1. Any idea which residue in segment 259-284 is surrounded by the most Cβ atoms within 10 Å (Cβ to Cβ), counting only those that are in contact with a helix residue (DSSP H, G or I) (Cβ under 8 Å, 6 or more places away or on another chain) and assigned to a strand (DSSP E or B)?
2. If you take the residues in segment 132-148 that are out of contact with any Lys or Arg (no Cβ under 7 Å at 6 or more places or on another chain) and buried (at least 18 other Cβ atoms within 10 Å of the Cβ), which one is modelled with the highest pLDDT?
3. Look at Ser12 and say whether it is within 15 Å of the chain's Cα centre (by Cα) and at pLDDT below 95.
4. For the condition more than 15 Å from Val254 (Cβ to Cβ), at pLDDT below 95 and outside any helix (DSSP H, G or I), what is the one hit in Phe185, Phe194?
5. Basic (Lys, Arg) and closer than 21 Å to Gly62 by Cα - does that describe any residue in segment 116-138?
6. Where the second residue is among the hydroxyl-bearing types (Ser, Thr, Tyr) and surrounded by fewer than 15 Cβ atoms within 10 Å (Cβ to Cβ) and the first is without any contact (Cβ under 8 Å) to a residue 40 or more places away in the chain and lies in segment 81-110, which pairs have Cβ atoms under 7 Å and are six or more apart or on separate chains?
7. Considering each residue of segment 20-54, count those that are surrounded by fewer than 21 Cβ atoms within 10 Å (Cβ to Cβ), of a type in the set (A, V, I, L, M, F, W, C) and either modelled with pLDDT under 95 or touching a Lys or Arg at 6+ places or on another chain (Cβ under 8 Å) (or both), and give that number.
8. Cβ-Cβ under 9 Å, sequence separation 6+ or interchain: first residue in segment 240-259 and at positive phi, partner part of a loop (DSSP other than H, G, I, E, B) and surrounded by 22 or more Cβ atoms within 10 Å (Cβ to Cβ). Which pairs?
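The values are calculated or read from the model by the stated rules, or taken from the named source; none is laboratory data. Because the structure is predicted, anything quoted here is derived from the model rather than measured. Using ideal geometry, Cβ is built from the backbone for each residue, glycine included, and neighbour counts are taken over all protein chains shown.
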Amino acid sequence: MFSLRFWGVRGSIPCPGKNTLIFGGNTSCLELRAGNKLIIVDMGTGIKPLGDYLLANDLKNGSLDIDIFISHTHWDHIMGFPMFAPIFNPAVNIRIWGPISFDNNSLASIVGEQLSYKYWPVRLSELVARVEFRELNEGRIDLGGGLKVSCKYLNHSIACMGYSFEYMDRKIVSAFDHEPFRNLFSSEMSHNEFSSMEGEAAASDENKKMFDFYKNADILVHDAQFLPGEFENRIGWGHSSYDYAINAALAEKVKNLIFFHHDPNRSDKELGMLEKNYRKKTRKFRDLKITMAREGLKIEV
């Protein structure tokens, strides 16, 4: 079995309330199952209900082994960690993987600082679960049991990683938070024509690498925080538009594109209309399925 379940789908900040009941208001958290392997991607507030579920259902076997892959250490992607119930259970082993995100601080120091008395009543050193931190660069990891993970840097304001999970000839890719690469030495920013040409080539090369990363994915979970018009006014914020995600999926023969990292101001009504409209626009591309991520959605591949 290779499956994906959504526990948190929002970006930036949790947004509970009557306008987010259908799609959900928790921030980023995915659960993957590959055979007997349990993988979590990101520790936003969605990891709290996931942790409660795991203790109620998975600990029946006596122990629990978890690999958590963090895209990056912005708060909306790690803020659920202190309320993740398995960290308080001695029968749990957790490996937290992620990029070195800021200056010379370690992954453990950035994530673990949330568990200090200035923010929280329990310190990292007081956890009874076994928790390890493993820092990542681009490359490929063999987690055993037939599951392999490829890591690719995304374009965000700090080091941010996309992941490709491959199991039994199936592929699930996560790409959030990501903005298309652009020429940082454009003619408007530089009087040096050579620099501008090199910048254009570098941006084009990085965008091609991203598209290659998505190639033939059974599921691509992609940042789609902005509408095209919104994106034009927010270049540099490190997020993508719905249209960019669609173009990437079509170019690389993705089977199921899932819009993710919803803007916190986007209501259930708006998300429902966007899903309907984008499905209508892409109807002629019969090999591509469009889905708006919502909490509780489970897909098997």
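1. Filtering segment 259-284 for residues that are in contact with a helix residue (DSSP H, G or I) (Cβ under 8 Å, 6 or more places away or on another chain) and assigned to a strand (DSSP E or B), the one surrounded by the most Cβ atoms within 10 Å (Cβ to Cβ) comes out as His262.
2. Step by step, filter segment 132-148, then rank; the result is Phe133.
3. Details: within 15 Å of the chain's Cα centre (by Cα): yes; at pLDDT below 95: yes.
Criteria met by Ser12.
4. Values: Phe194 fails: outside any helix (DSSP H, G or I).
Testing whether each residue is more than 15 Å from Val254 (Cβ to Cβ), at pLDDT below 95 and outside any helix (DSSP H, G or I) leaves just Phe185.
5. Within segment 116-138, the subset basic (Lys, Arg) is 118, 123, 130, 134.
If we keep only those that are closer than 21 Å to Gly62 by Cα as well, we get 130.
Yes.
6. Ala91/Ser63
7. Result for segment 20-54: 1.
8. Qualifying pairs under 9 Å: Lys253/Ala217.
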